[in-house]
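Everything below concerns the one structure shown next.
The values are calculated or read from the model by the stated rules, or taken from the named source; none is laboratory data. These numbers come from a predicted model, not from an experiment. With ideal geometry, Cβ positions are generated from the backbone for all residues, glycine too; neighbour counts draw on all protein chains shown. Just the protein is used for accessible areas: all its heavy atoms, side chains included, with ligands, DNA and RNA removed. Shrake-Rupley method; radii C 1.70, N 1.55, O 1.52, S 1.80 Å.
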Amino acid sequence: MRDELFFRDEEPAEQCRGALNRRPFRIGHALAGHPLLSLDALAAQAEAGSKRKDGFYFDAGDLAFTDKWGAKPTPNLTVAQIFDQIETVGAWIVLHHLEADPRYKALQDEFGEFFRKSIADPDDAKLLSNPDFQVFISSPRRKTPYHFDEETNFLMQIQGSKTIWICDPLDRDATTEDEIERFYAGQVLTAGNFKPHAEATARRFDLSPGEGVHIPMHAGHWVQNHDAVSVSIALDFEYPRWKYANVYQANYYLRKAGLSPRPPGRSRLFDRPKSAAISGLRAVKNLVRC
Ligand SMILES: [Fe+2]
């Protein structure tokens, strides 16, 4: 599998390493046509995933980039009906935890190893954990609203084509400190807001089978599917909570108290006690639950 993945000439591996989580960059792959990623194979995985906790997500509708998740009611359809109507139902399907099937687990492990060794520098690689392999299946012309994620993401196009706009992850006019703090405080589905100026400053990537893109953590992004059913796969990695999540969570409470907290990464002197405080609070909560 490792030999099937490759970088494009215009994005040499050394440049990608330096750009990880700092800017999006293109990647290439040779997974289009892989038998595990055909619509029939994925329909079977969707059926299995719908019987597991968090294995299958589906919504449908004519969403705008400015909408929030869950803004439209989801039609009551079986998995088989969704796939039967995939051309017209306006679906956005996410398959999670495919590692339940050892064949997909092997694919995930190969991906994880490849990206850790080929893209991340050794220091970053030590921090990347919990590779999570997801499949996105969407109907023709379906939009994915603006949002940002906490994971380091690699999105690869398998079938159909789409356009994704990705903001500079460090542009705090696109994704504000306040939004990131609210995200880590639990407002995961609603924290990010599409800004009118975002389209002018975001980078646009048109993805066809064989093409992919790195989406840095905290980079606002939104997607327009083209005229055919789209299948994409994503590999996410997590950073340890002490590095960003705990500090942002602490900053959420500090901002609520009327302060203007310092963002993570500016001062280890300030970051450490904030992270320790949140870890301590979490430990106490867990003790109370026992
Ligand atoms: Fe995303």
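Every condition in (1) closer than 22 Å to Gly186 by Cβ; (2) away from the ligand (no atom under 12 Å from the Cβ); (3) of a type in the set (A, V, I, L, M); (4) in the same structural domain as His34 (by TED's automatic domain parsing) is met by Val229 except one, and the failing one is (1). Filtering the range 164-184 to residues that are within 26 Å of Gly28 (Cβ to Cβ) and either within 14 Å of the ligand (Cβ to nearest atom) or among the aromatic types (Phe, Trp, Tyr) (or both) leaves Ile164, Trp165, Ile166, Cys167, Pro169.
In the set (1) within 14 Å of the ligand (Cβ to nearest atom); (2) more than 25 Å from Leu98 (Cβ to Cβ), Arg141 fails one condition alone, (1). Counting the residues of the range 191-222 that are within 13 Å of the ligand (Cβ to nearest atom), closer than 21 Å to Tyr252 by Cα and over 11 Å from the mean Cα position of the chain (by Cα) gives 2. The residues of the range 136-147 that are under 18 Å from the mean Cα position of the chain (by Cα) and over 20 Å from Val188 (Cα atoms), listed by number, are Ile137, Ser138, Arg142.
Residue-level analysis places Thr66 outside the set of residues that are under 22 Å from His226 (Cβ atoms), of a type in the set (Ser, Thr, Tyr) and more than 22 Å from the chain's Cα centre (by Cα). Check whether at least one residue in the range 169-188 is modelled with pLDDT of 95 or more, touching a Phe, Trp or Tyr at 6+ places or on another chain (Cβ under 6 Å) and outside any loop (DSSP other than H, G, I, E, B), and report yes or no. No. Only one of the numbered conditions (1) without any contact (Cβ under 8 Å) to a residue 24 or more places away in the chain; (2) part of a loop (DSSP other than H, G, I, E, B) is not met by Asp149, and that is (1). In the range 144-159, of all residues being buried (at least 21 other Cβ atoms within 10 Å of the Cβ) and away from the ligand (no atom under 14 Å from the Cβ), the one that is farthest from His34 (Cα to Cα) corresponds to Gln157.
The rows are residues; the columns are (1) farther than 22 Å from Gly28 by Cα; (2) touching a residue at least 40 places away in the same chain (Cβ under 8 Å).
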| residue | (1), (2) |
| --- | --- |
| Asn193 | yes, yes |
| Ala202 | no, no |
| Glu211 | no, yes |
| Gln224 | no, yes |
| Ser230 | no, yes |
| Ala234 | no, yes |
| Phe237 | no, yes |
| Asn251 | yes, yes |
| Arg262 | yes, no |
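Let me confirm something: among Ile82, Ile86, which residue is open to solvent by less than 30 Å² (accessible area, probe 1.4 Å), part of a loop (DSSP other than H, G, I, E, B) and under 24 Å from Lys143 (Cβ atoms)? Reasoning before the result, please.
Numbers: Ile82 fails: part of a loop (DSSP other than H, G, I, E, B).
That would be Ile86, the only listed residue that is open to solvent by less than 30 Å² (accessible area, probe 1.4 Å), part of a loop (DSSP other than H, G, I, E, B) and under 24 Å from Lys143 (Cβ atoms).
Here is a check on your reading of the model: is Asp132 more than 16 Å from Ala228 (Cα to Cα), without any contact (Cβ under 8 Å) to a residue 60 or more places away in the chain and of a type outside the set (A, V, I, L, M)? Here the answer is no, as Asp132 does not meet what is asked. Out of Phe237, Phe194, one residue alone is touching an Asp or Glu at 6+ places or on another chain (Cβ under 8 Å) and at pLDDT 90 or above. It is Phe237.
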